[in-house]
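One structure below.
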Amino acid sequence: MTEANNNPEMENQQENTEATEIVQAGVTSQWLTENGFAHEALEKDHSGVELIKVDPEFLIPIATALRAYGFNYLQCQGAYDLGPGKELVSFYHLLKVEDNITNPQEVRIKVYLNRENPQVPSVYWIWRGADWQERECYDMYGIIYEGHPNLKRILMPEDWVGWPLRKDYVSPDFYELQDAY
């Protein structure tokens, strides 16, 4: 028998080590680290896109640095809900777009937000394409994009109550389907 088999504490340490596998930092994450930007490298997504977790207070400095590093196109900005009582996530999918490039470098920034007061700076002033996308995330999830020039509902009526895409949302006029007939 090995020492780990005799010692339950060592078994727990081995299990924890195996469960918390080290994520290999991608090219962009390495560049951010070399330049002193606080972030966390996440595991790449299913298609191999590098994912980076950023705290809300560091979004603007990191986004500005990535723009200067060549990420000149905000392909998509969106949000999602991790579940009732859990965090909301605002994400930014960036590309380096240049002439004659068929496979541009990509990175996705994720900002995890407290659902009770979800606030994050707007990237509108860095990538103008964020305008309607941030408004939609505000409208559907209630995320406040600080500094956005026109943050108001874009899909729902102005007097709508609540944030329809949150997983804990209940429509104010909810009724069962059988009650509709």
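The values are calculated or read from the model by the stated rules, or taken from the named source; none is laboratory data. Please read all numbers here as calculations on a predicted model, not as lab measurements. In this analysis, Cβ positions are derived from the backbone assuming ideal geometry, glycine residues included, and neighbour counts consider all displayed protein chains. Each accessible area value is taken on the protein alone, full model and side chains, heavy atoms only, with ligands, DNA and RNA left out. Shrake-Rupley method; radii C 1.70, N 1.55, O 1.52, S 1.80 Å.
From the P(r) of segment 76-144, could you give the percentage of C-alpha pairs in the tail past 17 Å?
So the pairs more than 17 Å apart make up 45 percent of the total in segment 76-144.
In what sequence, largest accessible area first, do Glu87, Glu134, Glu43 appear using a 1.4 Å probe?
On the way: Glu87 80, Glu134 0, Glu43 135 Å².
Putting Glu87, Glu134, Glu43 in descending order of accessible area: Glu43, Glu87, Glu134.
Can you give the net charge of the other residues whose Cβ lies under 13 Å from the Cβ of Ile154, counting K and R as +1 and D and E as -1? Write out the running numbers ahead of the final one.
On the way: positive: Arg135, Lys152, Arg153; negative: Asp131, Glu134, Glu136, Asp139, Glu158.
Around Ile154, the surrounding residues sum to -2.
Sorting Cys137, Cys76 by accessible area (1.4 Å probe), largest first, what list results?
Values: Cys137 10, Cys76 50 Å².
The ordering from most to least exposed comes out as Cys76, Cys137.
Could you state how much accessible area Lys152 has, in square angstrom rounded to the nearest 10, with a 1.4 Å probe and all protein chains kept in place?
Rounded to the nearest 10, that gives 90 Å².
At a 1.4 Å probe radius, carbon and sulfur cover how many percent of the accessible area of segment 42-147? Walk me through the numbers before you get to the answer.
Working: 2480 of 5150 Å².
Whole-percent figure for carbon plus sulfur exposure: 48.
Give the shape of segment 13-130 as rounded, prolate or oblate, defined through the alpha-carbon gyration tensor: a ≥ b ≥ c are the square roots of its eigenvalues, a/c under 1.5 means rounded, and otherwise the shape is prolate if a/b is larger than b/c and oblate if not. Mind dumping the intermediate values first?
Details: a/c = 1.73, a/b = 1.19, b/c = 1.45.
Oblate shape, in that a/c is at least 1.5 and b/c is the bigger or equal ratio.
Rounded to the nearest 20 debye, what is the charge dipole size of segment 66-123 about its Cα centre when +1 sits on each Lys and Arg Cβ and -1 on each Asp and Glu Cβ? Mind dumping the intermediate values first?
Details: 6 positive and 6 negative charges, 24 e Å.
Here segment 66-123 has a charge dipole of around 120 debye.
Net charge near Gln24: determine it from the other residues with C-beta under 9 Å of the C-beta of Gln24, scoring Lys and Arg +1 and Asp and Glu -1. Numbers along the way, then the final one.
Numbers: positive: Lys44; negative: Glu43.
Its environment carries a net charge of 0.
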